[in-house]
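Enquirer: Sharing a structure with you now.
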Amino acid sequence: MSNLSDGGSLDGFSSNESIKASSNHLRGLIKEELLEDTPAFSDDSEQLLKFHGIYQQDDRDRRKEARAKGLDKHHQLMIRTRIPGGVVSAEAYLAHDDISQEWANGTLRVTTRQDFQLHGVLKGDLKQSIAAINGALLTTLGGCGDVERNIMCCPEPKQDRFHEQVDRSIASMVAALTPRTRAYHEIWLDGEVVDTSEPENEPLYGEQYLPRKFKTTIALEGDNCVDVYAHDLALVAMRGKDGSVRGFNALVGGGLGRTHNKPETFAAAALPFAFVDADQVVDLAREVIAVQRDYGDRTNRKHARLKYTLADRGLEWFRGEVQARLQFQLQPAETLRWQPVDDHLGWHEQGDGNLYVGIYIENGRIADVGAVRSRTGLRHIVDEIRPEVRLTAQQNVILAGIAPRQRARVEELMAEHGIEPVESIPLAIRNAMACPAIPTCGLAVAEAERVLPALIRQIATLLDELGLAGERISFRMSGCPNGCSRPYLGDVGFVGTTLGKYDLMLAGDFEGTRLNRTYAPNVPMGEIPGLLRPIFIAFREQRDGGEGFGDWVQRIGFDALREQVKAPA
Ligand code: SRM
Ligand code: SF4
């Protein structure tokens, strides 16, 4: 691959490829532009900043106001802290809470990939925010950009040999797959600029990094709480008879992003790939990424994820390429069996005499909203009790390592701050997720996080009225077809098409093993409960035993479903 240190362009490649190649390992002009008294970075820096975990955004609610002031936009930045397995120390939690108050918009967002996001940071406050995150021993490097993203893992804080071994595998993978560039330290932490004749080496990523983002998750046998089928690479840790990790089943090629009316873009569920021994997992991950690095499409970013490489070249070809780079033999993938997904909410023993409690956070937004003061409440609990904090893939928070005698105090603080115990939260609300969408996401065509609370309460009331309040049905909303809340892997997906309208997706499943499909396109949000009502009634009458909602829709099919719900119930 060429090094465009002269800032030229790479013929035939997407413009991002030239930006990466000429960036001197992600430096570009970020450091210089940071010193300029301007509200925003240049377009090229905007692309490079992503690798540092930073998105340049604008407050879409304030566009009119900005224009009235003669400004282009109300520019601000979003910072994403990469949190492997979602594990955060109490100190790092408190540091993020401090940053959110001092330099961001006063809220902390738990993402669907177990990271923290801080929204609304101004350019002048960026450097100290990043430094504070690093001061708490976390990094934003690789939070975004064309690299391995945050490595997810089931966050259940069980203390046993199996979990310890998985934790060690994650740590080794993070060490092997994190970019090596010294740019991050130079720019954000005033690290020494090392002037040496030795070229800086990115052994895995080279000069141009990957064609596109790459996402990996680790699931623990039986529990798909991290949505393995959405990932470029998913590794399912398998339990041996002696309670150790006997190996990993790998799946490849999942990805959900698509573009409306562009059928050449599509959501894909990851495919079974291979089984490897526990000590082979890092090499496997590295070589899977390396093949995608070498063969992924660098000409068209809408066709650059691993799922497209596999669609174009085939899974067998891919297996051959990965195998050729490995010193060991890939074993055949085993059949996976999933138990009901566990969201890890509520109180549980964690295996060492201590307890953990999973706390529901609506759409991952840790904020003080009306009577529910989760931000102040969590801050208070973490400050006083000092639990380990774990972020879940359903945008919730687990507090771990709580001594049994501290339980009453945690419950008292939760109640004082209006944080409800999970048992009192209707299941529809508990099993719902939405992406941030408007006002921060520049790609949103519809609302999500701000409108789902009202809609999901209507749906919860409807289910209660129909005697279905005890059903586990997942509802996932996103403000555009990119699918950040994984709407294509739930029982019910709402995918924004334009302001106020959503494609209604059905026939996925609660366990997240099957993609759903568009049942009704472009439904005005106000019509969604009315559309769902007769479907829920038919489900109640016709389901087979404990059959899940999505499984029932899948079994009877859309044609039969449409036929049945035509008649007034
Ligand atoms: Fe995402 C882009 C938010 C998980 C697919 N995603 C974005 C951006 C950064 C918008 C942008 O590019 O300008 C969003 C920032 C909004 C904001 O204001 O915060 C954004 N994505 C999110 C988060 C915060 C949603 C959430 O509710 O938590 C999640 C952050 C995860 C993290 O910590 O890293 C998030 N995004 C996902 C997922 C789910 C997953 O990975 O499990 C997906 C679908 C899986 C996949 O990648 O295929 C996802 N996001 C996308 C895409 C489509 C990618 C594609 O291959 O087409 C984009 C757009 C893009 O990359 O061009 C995108
Ligand atoms: Fe933005 Fe679309 Fe992702 Fe929602 S799904 S955060 S609207 S890119």
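The values are calculated or read from the model by the stated rules, or taken from the named source; none is laboratory data. The structure displayed is predicted, hence computed values, not measured ones. No Cβ is skipped: glycine too gets one built from the backbone with ideal geometry, and neighbour counts run over all protein chains shown. SASA here: full protein model, heavy atoms, side chains in, ligands and nucleic acids out. Shrake-Rupley method; radii C 1.70, N 1.55, O 1.52, S 1.80 Å.
Enquirer: Convex hull over the alpha-carbon atoms of the stretch 298-394: what's its volume per residue in Å³?
Expert: Working: hull volume 24.9 nm³, N = 97.
Convex hull volume per residue, Cα atoms: 257 Å³.
Enquirer: I'd like the isolated cysteines in the chain, meaning no second cysteine's beta-carbon lies under 4.7 angstrom from theirs.
Expert: Unpaired cysteines in the chain: CYS144, CYS153, CYS154, CYS225, CYS441, CYS480.
Enquirer: Which sequence of ARG161, ARG390 reflects their accessible areas, 1.4 Å probe, from the largest down? Before the final figure, lay out each step's value.
Expert: Values: ARG161 125, ARG390 20 Å².
In descending accessible area the options line up as ARG161, ARG390.
Enquirer: Now, a different point. Just the number please: accessible area per residue for the chain, 1.4 Å probe, all protein chains included, in Å². Walk me through the numbers before you get to the answer.
Expert: On the way: 22630 Å² over 569 residues.
Per-residue accessible area for the chain comes out at 40 Å².
Enquirer: Right, here's the next one. How big is the accessible area of LYS31 in square angstrom, nearest 10, if you roll a 1.4 angstrom probe over the protein chains?
Expert: Number for this one is 80 Å².
Enquirer: A further question follows. Per residue of the chain, what 222 nm ellipticity follows from adding -39500 (n - 2.57) for every DSSP H run with n ≥ 4, rounded to the nearest 500? Write down the numbers at each step before the final one.
Expert: Working: 17 runs with 184 residues, N = 569.
Mean residue ellipticity, 222 nm, calculated: -9500 deg cm²/dmol.
Enquirer: Measure off, as a whole percent, the carbon and sulfur share of the 1.4 Å-probe accessible area of the stretch 46-183, all protein chains present. Working shown, then result.
Expert: Working: 2220 of 4720 Å².
Carbon and sulfur together cover 47 percent of it.
Enquirer: Would you mind telling me the share, in percent, of accessible area of the stretch 407-463 contributed by carbon and sulfur at probe 1.4 angstrom? Write down the numbers at each step before the final one.
Expert: On the way: 1350 of 2260 Å².
Of all accessible area on the stretch 407-463, carbon and sulfur atoms account for 60 percent.
Enquirer: Heavy atoms only, probe 1.4 angstrom, no DNA, RNA or ligands counted: give me GLU423, GLU207 ranked by accessible area, highest first. Each step should come with its number before you reach the end.
Expert: Details: GLU423 135, GLU207 50 Å².
These residues rank, largest area first, as GLU423, GLU207.
Enquirer: Given bins 10 angstrom wide, list per bin the percent of all Cα-Cα distances in the stretch 377-452, short to long.
Expert: Taking every Cα pair in the stretch 377-452, the percentages come to 15, 37, 31, 14, 2.
Enquirer: Further question on the same structure: Among DSSP beta bridges lying fully in the chain, give the percent that are antiparallel, nearest 5. Please list the in-between numbers first.
Expert: On the way: 56 of 71 bridges.
DSSP beta bridges in the chain are roughly 80 percent antiparallel.
Enquirer: What Rg and what Dmax come out for the stretch 61-132 when only alpha-carbon atoms are used, in angstroms?
Expert: 14.0, 44
Enquirer: Which entries in LYS73/LYS262; LYS50/LYS215; LYS73/LYS123; LYS215/LYS307; LYS127/LYS213 show an alpha-carbon gap greater than 22 Å?
Expert: Listed pairs above 22 Å: LYS73/LYS262; LYS127/LYS213.
Enquirer: Could you state the per residue volume, in Å³, of the convex hull enclosing the Cα atoms of the chain? Mind dumping the intermediate values first?
Expert: Numbers: hull volume 93.9 nm³, N = 569.
Taking the convex hull of the Cα positions in the chain, it is 165 Å³ per residue.
Enquirer: Let me ask something else about it. With point charges of +1 on the Cβ of Lys and Arg and -1 on the Cβ of Asp and Glu, referenced to the Cα centre of the stretch 214-291, which listed residue (ALA269, ALA237, VAL291) lies farthest in the positive direction of the dipole?
Expert: My answer, from the dipole projection, is ALA269.
Enquirer: Now a separate question. Measuring from centroid to centroid over Cα atoms, what is the spacing of the stretch 217-233 and the stretch 492-551 in Å?
Expert: 23
Enquirer: State the dimensionless ratio Rg/Rh of the stretch 119-219 (Rg: radius of gyration of Cα atoms; Rh: Kirkwood radius).
Expert: Details: Rg = 16.1 Å, Rh = 15.9 Å.
When Rh is taken as the Kirkwood radius, the ratio is 1.01.
Enquirer: Charges only on Cβ, +1 for Lys and Arg, -1 for Asp and Glu: so what's the dipole of the stretch 526-569 about the Cα centre, in debye to the nearest 20?
Expert: Details: 6 positive and 7 negative charges, 24 e Å.
With only Lys, Arg, Asp and Glu charged at Cβ, the dipole is about 120 debye.
Enquirer: Could you give the dipole magnitude of the chain about its Cα centre, charging the beta-carbon of Lys and Arg +1 and that of Asp and Glu -1, in debye to the nearest 20?
Expert: Working: 66 positive and 81 negative charges, 250 e Å.
So the dipole magnitude of the chain works out to roughly 1200 debye.
Enquirer: Moving on to the next point. Convex hull volume of the Cα atoms in the stretch 461-544, per residue, in Å³? Walk me through the intermediate numbers first.
Expert: Numbers: hull volume 7.9 nm³, N = 84.
Convex hull of Cα atoms, per residue: 94 Å³.
Enquirer: Do you know the relative contact order of the chain, to the nearest whole percent, from alpha carbon pairs under 8 angstrom that are 6+ apart?
Expert: Details: 1227 pairs, mean separation 67.2, N = 569.
12 percent.
Enquirer: Over the Cα atoms of the stretch 406-488, each weighted equally, I'd like the Debye log10 I(q)/I(0) at q = 0.14, 0.21, 0.26 Å⁻¹, rounded to two decimals.
Expert: -0.60, -0.95, -1.10
Enquirer: Which lysines does LYS241 reach when only Cα atoms under 18 Å apart count, and residues fewer than 8 places away in its own chain are ignored?
Expert: Result set, ordered by chain and number: LYS158.
Enquirer: For the stretch 445-568, what is the percent of antiparallel DSSP beta bridges, rounded to the nearest 5?
Expert: Working: 11 of 15 bridges.
Just about 75 percent of them are antiparallel.
Enquirer: Please report, in debye to the nearest 20, how large the charge dipole of the stretch 416-569 is about its Cα centre when each Lys and Arg carries +1 at its beta carbon and each Asp and Glu carries -1 there.
Expert: Numbers: 15 positive and 19 negative charges, 85 e Å.
Using only the charged Cβ atoms, the result is roughly 400 debye.
Enquirer: Ratio of Rg to Rh for the stretch 1-119, alpha carbon only, Kirkwood?
Expert: My calculation puts Rg/Rh at 1.04.
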